[in-house]
Each structure stands twice: as structure tokens, then as C-alpha cells.
Amino acid sequence: MVAKRDTSAAWTRTGFVDRYGPWALVAGASEGLGAAYARALAARGLDLVLVARRREALEECGAALERDHGVRVRCLDGDLGDRRFLEELLETCASLDVGLLVYNAAHAPVGPFTSARLDDLLRVAAVNVRGPVSLVHGLLPGLVARGRGGVILMTSLAGNQGSPYISTYAASKAFIRVFAEGLWYELKDEGVDILACQAGAVRTPGYSGASEGKDAPGTLDPEQVVAQALAALGRKPVVVPGRLNKVAAALMIRLLPRRRAIAIMAGNTEVLAAPQAAPAAASPTASPAADRPRHKDAP
Ligand SMILES: NC(=O)c1ccc[n+]([C@@H]2O[C@H](COP(=O)([O-])OP(=O)(O)OC[C@H]3O[C@@H](n4cnc5c(N)ncnc54)[C@H](OP(=O)(O)O)[C@@H]3O)[C@@H](O)[C@H]2O)c1
């Protein structure tokens, strides 16, 4: 039976667990936005499977959630770009009643395309595309069978137009938005809520480090992004958190000629590609420029 959607302004804790619980999987949960999702979901009473590569950071995060919210937490360390790890993850989830997937992890190499290593660029496809498609494919049949559940896919305003020097990352984020919109339509009468959360700049540890503490206009805290995503879940296919980001997105997509939008992105992202750049603060528009992908796996 398809569960009825709650149309009230906010979920009760029990209502949220009934619709999206008892377990949620947060892929990319050891810090930043993923850790904020984990805290928000634990506060709403969901048990959590937390995934990231750094075991210690995950366990620290998980222990705090168990202590503060009395929920159960399982920590699984591994690389979401690794096909075998995705299979292991789905096997673990098969023994749990997972009602919500949040795919937050991303790989984001920065720099001229021609200077990048092919294996690094293909890793963007593995982490940002194969990872979410595999987990959604593995988990959706269970959600549809129950007639309730949700999927939140993190994406970026960088995916709204060509974004030079982060072309592959931005293209993967465009994929996620379009993927989520299609799924949203397919599943809207099945009781399963699909949402793409299209963020501008977010004050995650990596973003703050790269911007040297200077925020771009419209920068949000992870908690603000998560609160707006959870409020939008079940109400629409795509959410752009933050008023300024919404305006910037409308400007870039609807008002400016595409060529101009790409040039604006280039004006911001070329400083990202430059050594010792202070990227986000240089942004004339709030969000697209402010998206600050991180390249953790650089040689
Ligand atoms: N921050 C921003 O300004 C911004 C703006 C727009 C969109 N976004 C989107 O928001 C999401 C989160 O961004 P973020 O800034 O919080 O940080 P992030 O660098 O994307 O990391 C997020 C989490 O993912 C984990 N992770 C990364 N790669 C992984 C992999 N291959 N396997 C397993 N876990 C992995 C990281 O932990 P480990 O290192 O322990 O693995 C971390 O816990 C991304 O999808 C990004 O595209 C962010």
C-alpha cells in the first residue's frame, strides 16, 4: 500500500520515521554536509548506516549520534568509487529496513581538462554517477514494495551550465539533477520521494579551507542546506537552498544567454584552478561560482 504523503508544514518524529525509517543510508557522512544530514536524521529518530573512507571520523560521528539521539548506527568505511564496495554496501542494507538514501559524496578534480589524468576524471563518473545510480537501483525496489521512502541526491549549481576547470564534476552534477527529475516523475505515485538538492556554496571544512575563510555571497551552513532539503523532500523534485542561490540559479538558467552564463562561471572557476587561489570570495554571483569542489585524491 502506498503511504499517504504528509502535507503539514513539518513532520512529527514518528511521522518521519514511519515514512523514511527505520534506517537511512548516508553515503559520504564523515564531515560537512553528510555529517549534518546524519545529525538531522538522527534527531528525527532514524537509525543510520554511515559511509565514508575515514573509519575513525565516521565512528566519532556515529558515537555522538548514538549518545545524543539514542539511535542505532552502523559505520561502513570504503570507497564509493569502488564497484565491489557498492555491492557490499547493498548486501549490508539488504538485512536492514532502509527507507531513505542520502547520496552526498562527490569527487571533484579542479584544473584544466587537458592537464588532468584520465583515471582521475573517470573517478568522477565512478563516485558521482555510478555510485548513486547503483545505490538507487539497489534500494528502490524495496522502497517501492513498501510504498514509502525517499532518496536525496546532492548536486550543485555548477551543474546548470558548463563550468570550466571543473567540467567533469559539473557535468556529473547535471546528470544527477536530470536523473532525479526523471525518477521523481516515475515514482511520484509510488510513495517514494526523490529530491535533488542543488547547493551553492556551503561552509564545509573543505570549502572553508579553500576560500581561506572568506565566504562567497549566499554561502550557507550545512545545517541550513539540510533543513531546506528535508523540508522539500516529498514536495518537489529539486530544491535550491538559500534565497540568493535561487536568484543566481534563475539568472544563470533563464535570463542570461548560455554563452554568458558559462563565461561567468569561468570567471570564478579559473581562480579555483590557479595555484593558491581564493576562489569563492571572488564570485560576482552568489552560488555557481561559490561551489567549491575539492580534490582530495590528487597525487
Ligand atoms: N561544499 C560546497 O560548497 C558544495 C557546493 C555545492 C554542492 N556540494 C555538494 O555537496 C556534497 C557534499 O560536499 P562537501 O563539501 O560536504 O564535501 P565532500 O568533499 O564532497 O565530502 C563529503 C563526504 O563524502 C565522503 N567521501 C568523498 N569521497 C568519497 C568516496 N570516494 N567514498 C566514500 N566517501 C567519500 C567524505 O569522507 P571521506 O573523506 O572520509 O571519504 C565526506 O564525508 C557533494 O555532492 C558536493 O558536490 C557542495
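What follows draws every value from the coordinates through simple rules; no lab data is involved. This is a predicted model, so every value here is computed, not measured. Reconstructed Cβ throughout: ideal geometry from the backbone, glycine too, with neighbour counts over all protein chains shown.
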Degrees separating the helix 167-187 axis from the principal Cα axis of the chain, which is the longest one: 30 degrees
Which value in deg cm²/dmol, rounded to the nearest 500, describes the helix-derived mean residue ellipticity at 222 nm for the chain, given -39,500 (n - 2.57) per DSSP H run of n ≥ 4 and division by the residue count? -14000 deg cm²/dmol
Hand me the tally of lysine pairs in the chain: alpha carbons under 19 angstrom apart, and the pair either on different chains or 8 or more positions apart. 7
With the dipole of the chain worked out from charges on the C-beta (+1 for Lys and Arg, -1 for Asp and Glu) around the Cα centre, which of Gly150, Ile194, Gln161 lies farthest toward the positive end? Gln161
Tell me the label-point distance for the pair Asp18, Ala263, using the 7 Å Cα-to-Cβ offset, in nm and rounded to one decimal. 5.6 nm
Highest-MSF residue in the chain out of Leu96, Leu86, Leu118 [GNM, Cα springs under 10 Å]: Leu118
Compute a Gaussian network model of the chain, connecting alpha carbons closer than 10 Å, and tell me which residue from Thr204, Thr114, Thr219 fluctuates the most. Thr114
About its Cα centre, how strong a charge dipole does the chain have in debye, to the nearest 20, once Lys and Arg get +1 and Asp and Glu get -1 at the Cβ? 900 debye
Modelled label-to-label distance, Lys188 and Asp77, 7 Å Cα→beta-carbon offset: nm? 4.3 nm
What is the gain in length, in nm to one decimal, between Ala125 and His137 on full extension, counting 0.36 nm per residue of separation less the C-alpha to C-alpha distance? 2.7 nm
Farthest toward the dipole's positive end in the chain, which of Ala174, Val136, Ala263, given Cβ charges of +1 (Lys, Arg) and -1 (Asp, Glu) about the Cα centre? Ala263
Relative contact order, percent, segment 1-154 [alpha-carbon distance under 8 Å, six or more residues apart]: 27 percent
Return the single residue from Arg203, Arg177, Arg74 with maximal mean-square fluctuation; model: Gaussian network over the chain, springs between Cα atoms under 10 Å. Arg74
For the residue pair Ala94 and Ser115, what label-to-label distance in nm results when each label sits 7 Å from Cα along the Cα-to-beta-carbon direction? 4.5 nm
Please report the spacing between the Cα centers of segment 214-249 and segment 104-165 in Å, no decimals. 18 Å
Across the Cα atoms of the chain, what radius of gyration and what greatest pairwise Cα-Cα distance (Dmax) are found, in Å? 18.3, 56
